[in-house]
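Mind having a look at this structure? Questions to follow.
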Amino acid sequence: MNEFEKLGVDAQLTKAIQEIGFEKPTEIQEKAIPLLLTGTRDFIGLAQTGTGKTAAFGLPLLQLTDPSKKHPQALVICPTRELCMQISKDFISYKKHKAGIQTCAVYGGASISEQLKEIKKGVQILVATPGRLIDVIDRKAIDLSHIHYIVLDEADEMLNMGFREDIEYVLKHTPERQSSWLFSATMPPEVREVSKRFMKTPHEVTIGKVNMASSSIDHQYFLVLHSNRYEALKRLIDFNPGIYGLIFTRTKLDAQQITESLVREGYDVDALHGDLSQPQRDKVMARFRTKQLQLLIATDVAARGIDVKGISHVINYELPDDPEIYTHRSGRTGRAGLTGICMSIVTPKEKSRMDQIERFVKAPFHKLDIPSGTEVCRKQFFHFIDKMFAADISHGEYETYLSALKERFENVDKEEIIKRMAALEFNRFLQYYENAADLNIRKEEKAGKKKDKFKKGGEPGREGFAKGGKYKSLFINLGQKDGFYKASFLQFVLDSSNLRKEVLGKIDMKNLNTILEIDSASASKMIKALDGKMYKGRKIKMNVSNQ
Ligand code: AMP
């Protein structure tokens, strides 16, 4: 009898994995497979990638699936698109000799309509990333009522990335769940908490050492175009509403300008840079230390010697040149036994530097997607609800008004209150993110970059087409030397002209001047608002560019 058969794996699956070349089970497979095959026991496997964990849950899942029933029976939830595709590919090779089992992968950044079509054809096992899974559930495209098994793969990663609510939602809405299997490389308190809330006396297995030292910081990076850097930063902040973070820029000017823009947009942030006097510096630091300030934007020089407890995120708005500086930056989080996240916003040009840093740090770096507008809104919503339930209502002045309030609410039902509350809190986000662009650089985009550039933006001085409208290029005699960078410039022209962001296209900023693309219909309004006006004692010149 083959070693896998001894664990209870059936003949068809054994045949397939023998063909792949698995001769004997790995440790996690040996420990997990017999238990998972019972189908009724909750399980926690502390195991890293490379231990054979995919087969450890995949084989039992395929064996427990009933091919005669066409509805979804199992969900595998994992943090990234890459892992989702890998798991799904592995499942396809394991089930080669098993008839009648359909699996399907759904993940962000790809057409949802194709994925929905696939689900509609009938699938029993769905492999999904959390955000896209919720999208699919929202569209009522999947029936959760007969899900028997849920696998959370790389649970620590998913919680680090802010998917707690999404995962809990799924766990709460699968009434026929018979067992849940959680795999994680580490066991931070958040993972423990989820397991306590949703699992019944799980059997726990640890493979190798759970390395706390290297896993206290999760290194993540996001690949975006240079012109999207600021927007990406805002998305990351908005997606982490409870963030208590330190943001690093390379220059003093950047620190100042990003701070100005973020403050203008209502973020709780201040800057720390070399131009501040000692008392000003102390004041900023005191506010940050006492958490009256949520975000601190600093240059490496200014941040020297800062030791603040409990920083949840370090964000590299720009990468440092020196990998050692990266480790100084990231080391501000994940201290004293706590876990932390170090995020880097990286442009294609900087990618090789990112690789160099990764080699230097000797820890795995995760390439993640900048969350979509919908994901941000959902996150904000649940955060607000969490905050509401966590509020201390044991005492308060409001008691005096309670009877008057009760009267006011007498004829208002619960649903209306929820709706009103949501509207009040979220309209800003919903509006802002309603048509939010995908900020991630996709492979196809990179391949077709040259063509796209011409097609989308048009060359300066010519009329191009973008977002379905005709664009004109405007010349303006303001540029980097005036202290602008793209985001602050954008803010400036929009504030001055009272136009909406959507009318703008590409911004090509040089030291002395800038070429700005604008929807033809709005061009004259923009010129009228700016041409001839003064900026810092200089007359602004703006006209249609004929370069
Ligand atoms: P995983 O930890 O699931 O990402 O698996 C790591 C690698 O080990 C994958 O390439 C698997 O195909 C391979 N693998 C998994 N189980 C076995 C096994 N029992 N024998 C040999 N290779 C395996």
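The values are calculated or read from the model by the stated rules, or taken from the named source; none is laboratory data. Keep in mind it's a predicted model, so treat the numbers as computed, not measured. Here the Cβ positions follow ideal geometry from the backbone for every residue, glycine too, while neighbour counts run over all protein chains shown. The area values use the complete protein model at the heavy-atom level, side chains included, leaving out ligands, DNA and RNA. Shrake-Rupley method; radii C 1.70, N 1.55, O 1.52, S 1.80 Å.
Is it the case that the range 26-40 has a residue that's of a type in the set (A, V, I, L, M, F, W, C) and not in a helix (DSSP H, G or I)?
Yes, the range 26-40 has at least one match.
Kindly indicate whether any position in the range 379-400 is among the basic types (K, R) and in contact with a helix residue (DSSP H, G or I) (Cβ under 7 Å, 6 or more places away or on another chain).
Yes, there is a match, as at least one residue in the range 379-400 is among the basic types (K, R) and in contact with a helix residue (DSSP H, G or I) (Cβ under 7 Å, 6 or more places away or on another chain).
Can you name the residue in the range 34-93 that is among the basic types (K, R) and open to solvent by 20 Å² or more (accessible area, probe 1.4 Å) and is also nearest to the ligand (Cβ to nearest atom) among such residues?
The extreme case among them is K89.
So which of E5, E23 ends up being within 16 Å of the ligand (Cβ to nearest atom), without any contact (Cβ under 8 Å) to a residue 40 or more places away in the chain, farther than 20 Å from W181 by Cα and assigned to a helix (DSSP H, G or I)?
Working: E23 fails: assigned to a helix (DSSP H, G or I).
Only one candidate passes the filter, namely E5.
Yes/no per residue for (1) buried (at least 16 other Cβ atoms within 10 Å of the Cβ); (2) modelled with pLDDT of 95 or more:
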{"site": "T206", "(1), (2)": "no, no"}
{"site": "M212", "(1), (2)": "no, no"}
{"site": "L236", "(1), (2)": "yes, yes"}
{"site": "N240", "(1), (2)": "yes, no"}
{"site": "K252", "(1), (2)": "yes, no"}
{"site": "Q257", "(1), (2)": "yes, no"}
{"site": "H273", "(1), (2)": "yes, no"}
{"site": "Q278", "(1), (2)": "no, no"}
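Do the conditions hold for E407, that is, is it open to solvent by 80 Å² or more (accessible area, probe 1.4 Å) and either assigned to a helix (DSSP H, G or I) or touching an Asp or Glu at 6+ places or on another chain (Cβ under 8 Å) (or both)?
Here the answer is yes, as E407 does meet what is asked.
Just one of the numbered conditions (1) at pLDDT 80 or above; (2) part of a helix (DSSP H, G or I); (3) open to solvent by 40 Å² or more (accessible area, probe 1.4 Å) is not true of K453; which one?
Checking K453 against (1) at pLDDT 80 or above; (2) part of a helix (DSSP H, G or I); (3) open to solvent by 40 Å² or more (accessible area, probe 1.4 Å), the one that fails is (1).
Residue-wise test of (1) at pLDDT below 90; (2) farther than 30 Å from I134 by Cβ; (3) among the aliphatic types (A, V, I, L, M); (4) under 20 Å from the mean Cα position of the chain (by Cα).
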| position | (1), (2), (3), (4) |
| --- | --- |
| A336 | yes, yes, yes, no |
| C342 | no, no, no, yes |
| V346 | no, no, yes, yes |
| S352 | no, yes, no, no |
| I357 | no, yes, yes, no |
| V361 | yes, yes, yes, no |
| F365 | yes, no, no, yes |
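Shifting gears a bit: Hey, I28 hits all of (1) open to solvent by 40 Å² or more (accessible area, probe 1.4 Å); (2) within 13 Å of the ligand (Cβ to nearest atom) but one; which does it fall short on?
The one condition I28 does not meet is (1).
Any chance the range 100-108 includes a residue that's open to solvent by less than 10 Å² (accessible area, probe 1.4 Å) and in contact (Cβ under 8 Å) with a residue 60 or more places away in the chain?
So far as the range 100-108 goes, no, none of its residues is open to solvent by less than 10 Å² (accessible area, probe 1.4 Å) and in contact (Cβ under 8 Å) with a residue 60 or more places away in the chain.
Give the residues of the range 166-197 that are assigned to a helix (DSSP H, G or I) and open to solvent by less than 30 Å² (accessible area, probe 1.4 Å), sorted by residue number.
Within the range 166-197, D166, I167, E168, V170, L171, V191, V194, S195 qualify.
Working carefully through the options R139, R132, find the one that is in contact with a Phe, Trp or Tyr (Cβ under 8 Å, 6 or more places away or on another chain) and at pLDDT below 95.
Criteria check complete, one pass: R132.
Which ones in the range 74-117 are under 16 Å from the mean Cα position of the chain (by Cα) and in a helix (DSSP H, G or I)?
Selection gives R81, E82, L83, C84.
Whether any residue in the range 119-133 is hydrophobic (A, V, I, L, M, F, W, C), touching a strand residue (DSSP E or B) at 6+ places or on another chain (Cβ under 8 Å) and open to solvent by 10 Å² or more (accessible area, probe 1.4 Å) is what I want to check. Reasoning before the result, please.
We begin by selecting, within the range 119-133, every residue hydrophobic (A, V, I, L, M, F, W, C); these are 119, 123, 125-128, 133.
When the remaining residues are screened for being touching a strand residue (DSSP E or B) at 6+ places or on another chain (Cβ under 8 Å), the result is 119, 123, 125-128, 133.
Narrowing the set further to residues that are open to solvent by 10 Å² or more (accessible area, probe 1.4 Å) leaves 119.
Yes; the residues of the range 119-133 include at least one that is hydrophobic (A, V, I, L, M, F, W, C), touching a strand residue (DSSP E or B) at 6+ places or on another chain (Cβ under 8 Å) and open to solvent by 10 Å² or more (accessible area, probe 1.4 Å).
Determine which single condition G266 fails, assuming it passes every other condition in (1) open to solvent by 50 Å² or more (accessible area, probe 1.4 Å); (2) more than 26 Å from L490 (Cα to Cα).
The single condition G266 does not satisfy is (2).
Condition (residue is charged (D, E, K, R), touching a Cys at 6+ places or on another chain (Cβ under 7 Å) and in contact (Cβ under 8 Å) with a residue 40 or more places away in the chain) applied to the range 152-161: is it met by at least one residue?
Yes, that holds for at least one residue.
Do we have Q278 as free of Cβ contacts under 8 Å to residues at least 12 places away in the same chain and closer than 22 Å to T251 by Cβ here? Spell out how you get there, then give the answer.
Working: free of Cβ contacts under 8 Å to residues at least 12 places away in the same chain: yes; closer than 22 Å to T251 by Cβ: yes.
Spelling it out, Q278 is indeed free of Cβ contacts under 8 Å to residues at least 12 places away in the same chain and closer than 22 Å to T251 by Cβ.
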